[in-house]
Every structure is written in structure tokens, then in C-alpha cells.
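Structure record follows, encoded as C-alpha cells.
Nothing in this text is a laboratory measurement; each read-out follows from the coordinates by a stated rule. Note that the structure is predicted; figures quoted are calculated from it, not measured. In this analysis, Cβ positions are derived from the backbone assuming ideal geometry, glycine residues included, and neighbour counts consider all displayed protein chains.
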Number of protein chains: 2
Amino acid sequence: MNLEGMRVMGIDPGLTRCGLSVVQAGRGRAILPVSVGVVRTPSDKDLTERLLRLSVAAKEWMDDYSPDVVAIERVFERGQVSTVMQTAHVVGVLVLAAAERDIPVYMYTPSEVKKAISGNGRADKKQMTTMITRILGLTEPPKPADAADALSLAVCHCWRAPAIVRMDHTGLGLGAKTSGVRGQGKKR
Amino acid sequence: MNLEGMRVMGIDPGLTRCGLSVVQAGRGRAILPVSVGVVRTPSDKDLTERLLRLSVAAKEWMDDYSPDVVAIERVFERGQVSTVMQTAHVVGVLVLAAAERDIPVYMYTPSEVKKAISGNGRADKKQMTTMITRILGLTEPPKPADAADALSLAVCHCWRAPAIVRMDHTGLGLGAKTSGVRGQGKKR
């Protein structure tokens, strides 16, 4: 199973701050950072305006970096209800942007990401930042936390993708697109 | 306050069945039905494919009927978690479609809609269907329930819009767009 060259866009969804990242799978477990950033939308603007801005930004990233796959954090009913719903609205908009470009989308829970990156599903922010900095060979820790989370999601998918391809998506849940392996393993 | 001629698109959001409707405000409290329908997406397809289909359908409706306002049911954390999240993803996609066309979006809770239509925030499906059939002067009750709900949302906005315009959106919550009164009261 050769996924070398696969480009993964990792997204930590959020209405106020949305972490975006792109990484590229190297040889074996090696992963190269391509880009990372955070899109912010002002809280004094309407939901309509904010979703539009996020959509435009996500589409620009997808068009600029042409990821083979998008990995997004799965939203849970944790925390304040309105925040959870807003984040779920954002996920809808991000999934749509990928769908319009025929890019498969995979979703991972925070604990799946933590387990993949640090070996511990309950790792704290500091451990996660330390690990992602080391894995990607960065000279300094990515900031803010949303940027680090976006990179962790992308790396999580890179490392889980070989198993996903082997399983042919069985038991993957709503994150798996039928055309989910399209482009994976493609060389650039 | 003259809102005669205002076109409202009412949406009962859902991934499996999404109710879409358009009504037009007449004189006083009179409301004319313009169109109603339900978009379905197959449950054996991926979330990406389903959101894409819903987005395309909603955009077609918006482009065909040019509503001045979109009224969507506000999602609550009730029922099965995965269904609630899916519905929230759908709402994100619908709000984006409106935002891309600069159409203001308003959200109403089920009890706000029930209160507006029947005078009772706890009215059952049957009461609601009877009322909406009578209000719109339909020869038979709209079916399925999602279609009736979509019409109720549109009528709810028509009747609440004069108060909203008077309040200049104060206290409206996330449904209110800053440009929320654009086009309202416009004659066609």
C-alpha cells in the first residue's frame, strides 16, 4: 500500500476560528507540512455572512492546494448548545466545498486524533502540540491551538489511510465517501 | 408597514427529507402559496453526496423563485445525536446558499412556528396541517409532513416580519442578518 504523495487537508472546524492545514505523505510514516493557517470570522457578523466567508476561504485552500482527501473533526454534543450547532453548520459548509470538488471527506473524533498522534486518546493540548511539532519537524510549535489541531487531523488521516484502504471503508461511518480512495496513493 | 408582495421561502431542514416552500404575502394577513415540495436524498449515499444534492436543489429553488427572505427551522439538540448533527450540517449548506445570493435568513423554533400558525406552541401535527391548509386556502392538506412544515415556516415569517422590521432586529438571535430587511415590502 503506497500512499506516498497523498495530500491531506486537515480542518478543525469552528465559526470564530477555523484551523486549516495541508500535509503531504512521504515515505513510510514520514509526513511533510505544506501549509497551515486559521480563518477567523467576526462574532458581530451574522451567521450567513460568517458561513459565506468560511466557505470562500475553504474553497480557496482546496483550489490552491488540491488535496486528495479532506479530514474534518467530527462534531460532538459537548459544550454550549449554540456553539455545537454553529460548528455543525460550519462542517456542513466545509463538506459541501469538498463535495463540489469531488474530494472525499473523512471525519475523526478528537480522541481518535489524539490516539493516532500521541498513542493516548486523552492526551492534553501540550502533549499534542509537542508531538505534532516533532512529527512534522517544525522549528517551532504551531499556533494557535486550532492550527495545531488542523495539522493533527491531517496527520491522523495519513496514518489511518492505509488501514482504511485495506478495509475498503467498512465500518467507517458517515465520514467515508463511496469514492473515498479516489486519488489516494496518487503520485504528484 | 407594507410587506405585500414579499416572497418567503420556508425550509424544514433534513438530510433524508427536506421540505421546501415559497409563499407570497398578500394584503393584511393574506398569504398566497407559490410552491411546495420535498427533496429526498438516499440514505445509502455518503454525507458529501447528499449535502451536494440538497445544496443543488435549494439553489435551484432560490434561483427559480427569487425569495426575498429564507425562513429555516432552528435545530435543537433533541432526538438522536447523529440525526441532529446531520440536520445541522444541512442547515449550514442551506444558509450558505442564501448567503451566496444575499438573501437574509431567519430561524424559528418549532414552538414559535406552532404558536404563529395555530396560537398554540404545542399544537400537534394534525392541528398544524389543518391550520396551514385553511390559511393558504388549499384544496387538500399538503403532504408529507415536511411539506406542511416548510409552508408553516414561511407563513410564520410573513406574520412575524412586520414586528421584526419594527424591532429593527433587536434580540433576534443568530437568524437575523444585518441586511435582514433588504427587499422586504418590495412590490413585484
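Averaging Cα coordinates gives a centre for segment B:55-111 and one for segment A:15-49; these two points are 25 Å apart. Residue order for A:Asp63, B:Asp46, fewest other beta carbons within 10 angstrom first, comes to A:Asp63, B:Asp46. Neighbours of A:Gly119 by Cβ distance under 14 Å: Lys/Arg scored +1, Asp/Glu scored -1, total +4. Distances from B:Glu140 to itself in the other copies, using label points 7 Å out along the Cα-Cβ axis, amount to 7.0 nm in increasing order.
May I ask you to derive the FRET efficiency for B:Arg17 and A:Lys143 from their Cβ-Cβ distance with R0 = 35 Å, giving the value to the nearest 0.05? Plugging the Cβ-Cβ distance into 1/(1 + (r/R0)^6) gives 0.20. With each label modelled as a point 7 angstrom along the Cα→C-beta vector, the A:Thr133-A:Val81 pair spans 4.0 nm. Straight-distance candidates among the aspartates and glutamates for linking to B:Lys59, with alpha-carbon spacing under 19 Å and chain neighbours fewer than 8 residues away dropped: A:Glu49, A:Glu100, A:Asp102, B:Asp12, B:Glu49, B:Asp68, B:Glu73, B:Glu100, B:Asp102, B:Asp146. Quick one: with label points 7 Å out along Cα→Cβ, list the inter-copy distances for B:Glu4 in nm, shortest first? The projected label point of B:Glu4 is separated from its counterparts by 7.4 nm. Label-to-label distances for B:Ser35 across copies, nearest first, come out at 3.7 nm, using points 7 Å from Cα in the beta-carbon direction.
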